[in-house]
Amino acid sequence: MSKPSTLGGACIIASVCVGAGMLGLPSAGAGAWTLWTVLAISVTMVMMTLSGWLLLEALKHYDFKVSFNTITKDVLKGKVNAINNLSLYFVGGILLYAYISSSGMIFGGLLNINPKLASVLFVIASSVFVLHSTRAVDRISILLILFMVISFVIGISGLATNIQLPTLLDSIDSQADLSPYALAILPVALTSFGYHHSVSTMRDYYRDENRAKNAILGGTLIALTFYVIWVVCIFGNLPRTQFGPIVAAGGSVDALMTALGGVVNSNSVKQALNIFSIAAVVSSFIGVGLGVFDYLADLFGFEDTNQGRFKTWAVTFIPPLVFSLFAPFGFVAAIGLAGAAATIWTCIIPALLAKKLRQRQPELQGFVVPGGNVTVYAVIIFGVLTACFHLLAMADVLPIFKG
């Protein structure tokens, strides 16, 4: 069998990220608008790439199939591991739940069927790739990223030619101080780069930490490129004052696409944007599902057999499907809530694991993240501050844009 390509792994990482970010960032960034939103997601991309590398460095001391549960339990012990497990499963589950809920609305409308039935069919059809193998996810991720790129280029070309500089820079409300709103973006931005449950999958896939590192960097760079272009084109077409209904609708995909349809006259562009949103939801669902699948297989000790993989499939996909059928929730609200909890296992735990294992084996052989303890502490501080900002926003201490 040929060696897996770096591009394939990068596409898996990008596919995990892009759905949440593309569909959540415009609404989350409506308060801060263009410049502050681009700055927030760029800083987040750097910190989340470093934190993923720290986790990869920690994993090098363990067997290839080992995931978060085993390494955290060994290094940071039971109580910390329990908190980490709860936060990881909560975030993975709520992301799957958000994608399933969105897919029900999207495919229900396209197929003219009940949204709940559409959600069930979506889960069955999409999760089969995860059930099969990582290689199957690699192949479908490349295909979905290709669909996303083509539809993205077509859709963005229509939006890019219609960008109004005063709208992009919010010149109408130029006296307003938008910087406080940037802090509330960070939990959604963090979730938009929340690929860390797939780090052990990448390491096991390549059997080489340096190749996995390159795939992670490639994936986060692809995601950042998508995000920046997308945000600029959205904010250059939709005035800030028109985001009120989108925010009120929980940042739903339908609300965003409807608003864009009002400013884009070309049917081909509208269709391309719809295809893009569909591909983004499907790719992220599969990418997140793979990471949660491998994590739960390690947590519960399920074997890599047909029976074991089916058990893992059931505990991965059935709970979020059931919740999405009985309690649909706002997309951006779900992503933001996930972001606050995700700081534990995307920033704090990876940094602590790397620091502890460096102390245990100070010779620093093999793959090591540059920057020493400065990188470790910077990642921890970033994670703690992001969680605090979300809690402050929930308490109405930080300003939240409502249109």
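Classification of segment 124-227 by its C-alpha gyration tensor yields a prolate form. The axis ratio a/c (a ≥ b ≥ c) is 1.5 or more, and a/b outweighs b/c. Sorting LYS270, LYS65, LYS355 by accessible area puts them as LYS65, LYS270, LYS355; the probe is 1.4 Å, largest comes first, and only protein heavy atoms count. Using the Cβ-Cβ distance between SER268 and PHE300 with R0 set to 41 Å, the FRET efficiency works out to roughly 0.30. The fraction of accessible area contributed by carbon and sulfur in the chain is 67 percent, rounded to a whole number (1.4 Å probe; ligands and nucleic acids excluded).
Rounded to 0.05, the FRET efficiency of the ALA314 and SER179 pair, given R0 = 41 Å and the Cβ-Cβ distance, is 0.35.
Extension gain for the segment VAL368 to ALA327, taken as residue separation times 0.36 nm less the Cα-Cα distance, is 10.4 nm to one decimal. Computed FRET efficiency, Cβ-Cβ of SER5 and LYS356, R0 45 Å: what is it to the nearest 0.05? Approximately 0.85, to the nearest 0.05. Helices assigned as whole DSSP H runs in the chain whose Cα atoms extend at least 18 Å along their own long axis and whose mean Kyte-Doolittle hydropathy is 0.5 or higher are found at 6-28, 33-59, 68-111, 115-132, 134-160, 179-191, 209-237, 267-300, 306-326, 331-343, 372-394. By a 1.4 Å probe calculation restricted to protein chains, ARG240 has an accessible surface near 30 Å², given to the nearest 10. In the context of the full protein assembly, TRP230 retains an accessible surface of approximately 0 Å², using a probe radius of 1.4 Å and ignoring ligands and nucleic acids.
You can think of it this way: the chain between THR258 and VAL120 has 47.2 nm of extra reach, that is 0.36 nm per residue less the Cα-Cα gap. For segment 117-232, the per residue solvent-accessible surface stands at 40 Å², with DNA, RNA and ligands left out and a 1.4 Å probe. Counting only Cα atoms, segment 5-138 measures 51, 42, 36 Å along its principal axes, largest extent leading. Using a/c under 1.5 as the rounded threshold, could you call segment 260-403 rounded, prolate or oblate? The axes a ≥ b ≥ c are square roots of the C-alpha gyration tensor eigenvalues, and prolate needs a/b larger than b/c, oblate otherwise. Judged from the Cα gyration tensor, segment 260-403 comes out oblate (a/c at least 1.5, b/c at or above a/b).
Dividing the summed helix terms, -39500 (n - 2.57) for each DSSP H run of n ≥ 4, by the number of residues in the chain produces a 222 nm estimate of -26500 deg cm²/dmol to the nearest 500. Mean separation of Cα pairs under 8 Å and 6 or more residues apart, divided by the residue count, gives segment 159-304 a relative contact order of 37 percent.
The modelled label-to-label distance between LYS79 and HIS132, using points 7 Å beyond Cα along the C-beta direction, is 4.6 nm. Computed over protein heavy atoms with a 1.4 Å probe, the accessible surface of segment 268-314 works out to 38 Å² per residue. For the chain, what's the relative contact order in percent, using C-alpha pairs closer than 8 Å and at least 6 residues apart? Relative contact order, the chain: 38 percent.
The values are calculated or read from the model by the stated rules, or taken from the named source; none is laboratory data. These figures come from a predicted structure and were not determined experimentally. Note: ideal-geometry Cβ built from the backbone for every residue, glycine included; neighbour counts use all protein chains shown. These accessible areas exclude ligands, DNA and RNA; they are computed on the full protein's heavy atoms, side chains included. Shrake-Rupley method; radii C 1.70, N 1.55, O 1.52, S 1.80 Å.
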